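Asker: This structure is in structure tokens; I'll ask about it shortly.
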Amino acid sequence: MELTRTLNSLLLLLGLGACNSDDTAAPSAGAPTTGGAGGEAGSASGGGDVGGAPSCGDAGDELPSGLTTLQWDDGVAATSLRDQSFEITVEGKTFVLNEESVHEAVRFELTQPSRILGFSVHVAAAPEDPQAQLSVGLYPDFGYNGFDFWAADPLFVGTRCAGDISENGWLTYVLPTPLEVADPGLVYVAHRAEPGSFVFSFDQSEAEDPSCASFDSCRSALNLPEALPLSYFNGVSFPFQYDYLARLHIEPLEPAPPASTQFDPLPFEPHARASFGDFDNDGDDDLLTDGPKLWRNDAGAFTDITSEAGLGLLPGSGGVFGDYDNDGCLDLFIFNESYTEADLLYRNDCAGHFLELTSAAGIVDSQSYETCNAPENTRSPTPAAAWVDLDADGFLDLYLANFICWDKGTTYRDEVWHNRGDGTFESWSEGHGFSALKRAGRGVNPIDLDADGDLDLMVNNYRLQENFYFENDGLGQFEESAKLLGLAGSESDGYYGHTIGTAFGDLDGDGDFDLISANLAHPRFFDFSDKTEVLLQGADGTFSDLQGSFDKPTGGAGLRYQETHSVPALADFDLDGRLDLIITAVYDGRPTDFYWGLGDGSFKLDSYNSGLSTKNGWGVALADTDLDGDSDVFATTLFANRGSRRGNYLQTRVVGNVDANRAGIGATVMLTLGSEQRVDYVQGGTGQGNQNSQTLTFGLGAATTVDELGVRFPGGKLVTYQGPFDVNQRLWLYEDGQVLTGVQNPN
């Protein structure tokens, strides 16, 4: 007798993410009934009979001994799709799986560089003709969601004949040339089953979580490649709560974990957001995380001082450091991604304490146009903020990116607060050229992108909405020009992307700033979605995407497609003079990507040797926390940069002591090294509410001196500092032309 049970796994797929879609699905089926190709599975080492020459087909069946075999199943072939009456309903249309073309797939996660030699599958409903061809393939991943593979470009497809199936139901496929996988990740053993054709057997054990809600609760998957082609790029895919009997035979090439990595994780409690700033002026960067929590840094040792610093009473989703009163001590703006908790301004008293002065400063987090289903919900949810001197008067202003009411899908207007210079702020949210449009803001990145001396603003938006770029006219008036410059995202039928974070840096060594724009993009909308972009700035100031509208899971800049890319960060981690890249990915099981920069805007993936173990990551922040001259990483936890790949460096800290803001936020620093020029800028905040150190680290490779330094301060003043300067030290670059050395603030 068949029992009725809901296959909730498809609901997970179709509800994933925040897309403007009304996808619904109610798949249902009887619980698997025993039948078809039952019996014991083959041995874990080979998956049944693996010796002898094939009688037909182009795939061998003889594997060498000593291989490692990966499997998920319990070894007992209980039933198959042919024995079931599974149905799924998607967008009101019901599909009977036995009547559809169906890809059956099993996900394998390689955790170390490996050589794949073959795979074995347990066959059910095999054709009676012994010469009948049975094709099964090995496929690359598609988006790292755990159930989508790239069917268009298999790594290998082999055929065996029905007569080669062993007595206990196994069939082995040997690759004619072993496949070496240098960058570990996901691969799939899969085949396409037409109505009435053979299928894989699956075991008798249902996943503990049949909804397949977590990444590792289910490893098998189904895909209907021809279902709803107008809505789904690769057909309808969903995880499956029963394990197919499929085995992957590999030979590890390197030990796991690697003998040495670029980054070593340090003991630290997990946090989603992080900002670095030296609030106590002792030369090393302290850390603010969500909570809020303030961590004092003592040359790499962090201590929670939240309560003693006066920050322990009120909540906060994150914050950014900036000296808004120019007294030489970094203050804090705490933002709240909340409908009920207000944003907060804290002044540093230069004695290790922060005083909450929000109301006294005139900053009000209150609005009446969106109460998000409850009258008390009068706050605008703020996931990110940034300090920026909008009018170059020497005092830091604030831009707040406001987000979304999730229950209703409605969005909020961003808020702009102008610093009057007397400790109080006035609203610039209306007028001055800022958009009155309500958008799902997620990050703010102030930068002098066009090198004209005034600070512009990149604001990245989510919810398939265009990004903003506000160009400053030098007088405190702004013009939104993201579409004109190529920074809005790629438009398709009025929709753009889900941009979570952005990072600026000179990716191609031409002396101007380029942009990484990290986008969440679902596989089912792959053909028109905004994937993560590598935007290079041209001589005319417009941007073009080197990553491109690619037709495979890796784009032109070398970035692999991950469905849920979140926050990027750029730094020269090995100090060779080329910027490298980290991108986190949100959602359970999704790894953080690490890339070495190649100096032309393209990248090489090396996540395995990076040591960055963060999964389901969110914000990223960078600082030289241990004062050894290279950039360390906070990505959910703290990672120390310990890599043996290391060149020389020069660190700079900008100080505004004439007209510019004291912290030098927004200043562009230019370094001349022979015929080369490097460029970086002092951040006031970045994607998804994070902030890198105000100390800039330039990688110099083998160079031993720097010829010249220049700083373009907010307002346009260009100060040149003549070298030569010795490497492997920190320089304090003052607006009045002084150059002082040392780790600790000399004034």
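The values are calculated or read from the model by the stated rules, or taken from the named source; none is laboratory data. From a predicted model like this one, the values you see are computed outputs, not experimental measurements. Neighbour counts run over all protein chains shown; Cβ positions are idealised from the backbone, glycine included. Quick note on the areas: whole protein, heavy atoms, side chains included, nothing else; ligands and nucleic acids left out. Shrake-Rupley method; radii C 1.70, N 1.55, O 1.52, S 1.80 Å.
Asker: Tally up the residues in segment 596-635 that are crowded, with 24+ Cβ neighbours inside 10 Å and part of a strand (DSSP E or B), please.
Answerer: So the answer is 9.
Asker: When the residues of segment 422-479 are filtered to those that are in a strand (DSSP E or B), polar (S, T, N, Q) and within 29 Å of the chain's Cα centre (by Cα), which remaining residue is surrounded by the most Cβ atoms within 10 Å (Cβ to Cβ)?
Answerer: Only one residue tops the list, namely ASN460.
Asker: Please work out if ALA213 is assigned to a loop (DSSP other than H, G, I, E, B) and not hydroxyl-bearing (Ser, Thr, Tyr).
Answerer: yes
Asker: Considering each residue of segment 584-595, count those that are under 19 Å from PRO113 (Cβ atoms) and either aliphatic (A, V, I, L, M) or in a strand (DSSP E or B) (or both), and give that number.
Answerer: 4
Asker: Let me ask you something else. With open to solvent by 20 Å² or more (accessible area, probe 1.4 Å) and under 21 Å from VAL459 (Cβ atoms) as the only criterion, which of TRP406, TRP387 stands out?
Answerer: TRP406
Asker: Could you list all residues from segment 152-169 that are in contact with a strand residue (DSSP E or B) (Cβ under 8 Å, 6 or more places away or on another chain) and of a type in the set (Asp, Glu)?
Answerer: If the condition is that a residue be in contact with a strand residue (DSSP E or B) (Cβ under 8 Å, 6 or more places away or on another chain) and of a type in the set (Asp, Glu), then ASP153, ASP164 are the ones that fit.
Asker: Let me ask something else. Restricting to segment 135-160, and then to whatever is touching a residue at least 60 places away in the same chain (Cβ under 8 Å) and surrounded by fewer than 19 Cβ atoms within 10 Å (Cβ to Cβ), can you tell me which residue is farthest from CYS212 (Cα to Cα)?
Answerer: THR159
Asker: Give all pairs with beta carbons closer than 9 Å in which a residue from segment 92-107 that is within 17 Å of GLN241 (Cβ to Cβ) meets a residue that is surrounded by fewer than 16 Cβ atoms within 10 Å (Cβ to Cβ); count only pairs at least 6 apart in sequence or on separate chains.
Answerer: Here the result reads LEU97/SER85; VAL102/GLU194; VAL102/PRO195, each pair linking segment 92-107 to a residue that is surrounded by fewer than 16 Cβ atoms within 10 Å (Cβ to Cβ).
Asker: Considering only residues that are polar (S, T, N, Q) and at pLDDT below 95, which ones fall in segment 218-239?
Answerer: Selection gives SER231, ASN234.
Asker: Look at GLN694 and say whether it is outside any strand (DSSP E or B) and not hydrophobic (A, V, I, L, M, F, W, C).
Answerer: yes
Asker: Also, quick follow-up: Could you grab me the full set of residues in segment 611-643 that are under 14 Å from the mean Cα position of the chain (by Cα) and among the basic types (Lys, Arg)?
Answerer: Once the filter is applied, which keeps residues that are under 14 Å from the mean Cα position of the chain (by Cα) and among the basic types (Lys, Arg), segment 611-643 yields only LYS615.
Asker: Still on this structure, please answer the following. Please work out which residue is farthest from GLY666 (Cα to Cα), limiting yourself to segment 699-725 and to residues that are among the β-branched types (Val, Ile, Thr) and crowded, with 17+ Cβ neighbours inside 10 Å.
Answerer: VAL706
Asker: In addition: Which one of the conditions (1) under 15 Å from the mean Cα position of the chain (by Cα); (2) closer than 23 Å to PHE634 by Cβ; (3) not acidic (Asp, Glu) does LEU579 fail to meet, given that it meets all the rest?
Answerer: Every condition holds for LEU579 apart from (1).
Asker: Filter segment 390-403 for residues that are surrounded by fewer than 24 Cβ atoms within 10 Å (Cβ to Cβ) and among the aliphatic types (A, V, I, L, M) and give the result.
Answerer: ALA392
Asker: Collect the residues in segment 664-682 that are open to solvent by 10 Å² or more (accessible area, probe 1.4 Å) and on the phi > 0 side of the Ramachandran plot, keeping them in residue-number order.
Answerer: Across segment 664-682, the qualifying residue is only GLY674.
Asker: Also, quick follow-up: Could you grab me the full set of residues in segment 593-648 that are within 14 Å of PRO568 (Cα to Cα) and without any contact (Cβ under 8 Å) to a residue 24 or more places away in the chain?
Answerer: Answer for segment 593-648, where residues must be within 14 Å of PRO568 (Cα to Cα) and without any contact (Cβ under 8 Å) to a residue 24 or more places away in the chain: just TRP596.
Asker: If you don't mind, there's one more thing I want to ask. When you go through SER317, SER359 one by one, which is the residue that is exposed (fewer than 15 other Cβ atoms within 10 Å of the Cβ) and more than 22 Å from LEU696 (Cβ to Cβ)?
Answerer: Only one candidate passes the filter, namely SER359.
Asker: Tally time: how many residues in segment 609-645 are touching a Leu at 6+ places or on another chain (Cβ under 9 Å) and modelled with pLDDT of 95 or more?
Answerer: The qualifying residues number 15.
Each row is one residue, and each column tells you yes or no for (1) under 30 Å from the mean Cα position of the chain (by Cα); (2) of a type in the set (Gly, Ala, Ser).
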position: ALA301; (1), (2): yes, yes
position: GLU308; (1), (2): no, no
position: ASN326; (1), (2): no, no
position: ALA360; (1), (2): no, yes
position: THR371; (1), (2): no, no
position: ARG379; (1), (2): yes, no
position: ALA384; (1), (2): yes, yes
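For every residue, the table says whether it meets (1) open to solvent by less than 10 Å² (accessible area, probe 1.4 Å); (2) of a type in the set (S, T, N, Q); (3) modelled with pLDDT of 95 or more.
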position	(1), (2), (3)
ASN281	no, yes, yes
GLY291	no, no, yes
ASN297	yes, yes, yes
PHE335	yes, no, yes
GLU341	no, no, yes
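Asker: Restricting the search to segment 537-565, which residues are of a type outside the set (S, T, N, Q), farther than 15 Å from ILE516 by Cβ and at pLDDT below 95?
Answerer: PHE550, ASP551, LYS552, PRO553
One line per residue, one yes/no per condition, for (1) of a type in the set (Asp, Glu); (2) free of Cβ contacts under 8 Å to residues at least 12 places away in the same chain; (3) outside any loop (DSSP other than H, G, I, E, B); (4) surrounded by fewer than 24 Cβ atoms within 10 Å (Cβ to Cβ):
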| site | (1), (2), (3), (4) |
| --- | --- |
| GLY489 | no, no, no, no |
| THR499 | no, no, yes, no |
| ASP512 | yes, no, no, yes |
| GLY558 | no, no, no, yes |
| ILE582 | no, no, yes, no |
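Asker: What pairs can you find where one residue is in segment 201-224 and under 18 Å from HIS122 (Cα atoms) and touching a residue at least 60 places away in the same chain (Cβ under 8 Å), the other is open to solvent by 20 Å² or more (accessible area, probe 1.4 Å) and β-branched (Val, Ile, Thr), and their Cβ atoms are less than 7 Å apart, with a gap of 6+ or different chains?
Answerer: ASP203/VAL76; GLN204/VAL76
Asker: Just to check your reading of the model, which residue among ASN657, ASN661, ASN690 is open to solvent by 10 Å² or more (accessible area, probe 1.4 Å) and either under 24 Å from ILE447 (Cα atoms) or among the polar types (S, T, N, Q) (or both)?
Answerer: ASN657
Asker: Here's a follow-up. Among the residues of segment 275-289, is there at least one that is of a type in the set (Val, Ile, Thr) and over 22 Å from GLU341 (Cβ atoms)?
Answerer: No, because not a single residue in segment 275-289 is of a type in the set (Val, Ile, Thr) and over 22 Å from GLU341 (Cβ atoms).
Asker: Here's a follow-up. Which members of segment 655-691 meet the condition of being part of a strand (DSSP E or B), among the acidic types (Asp, Glu) and touching a Phe, Trp or Tyr at 6+ places or on another chain (Cβ under 8 Å)?
Answerer: Matches in segment 655-691: ASP680 only.
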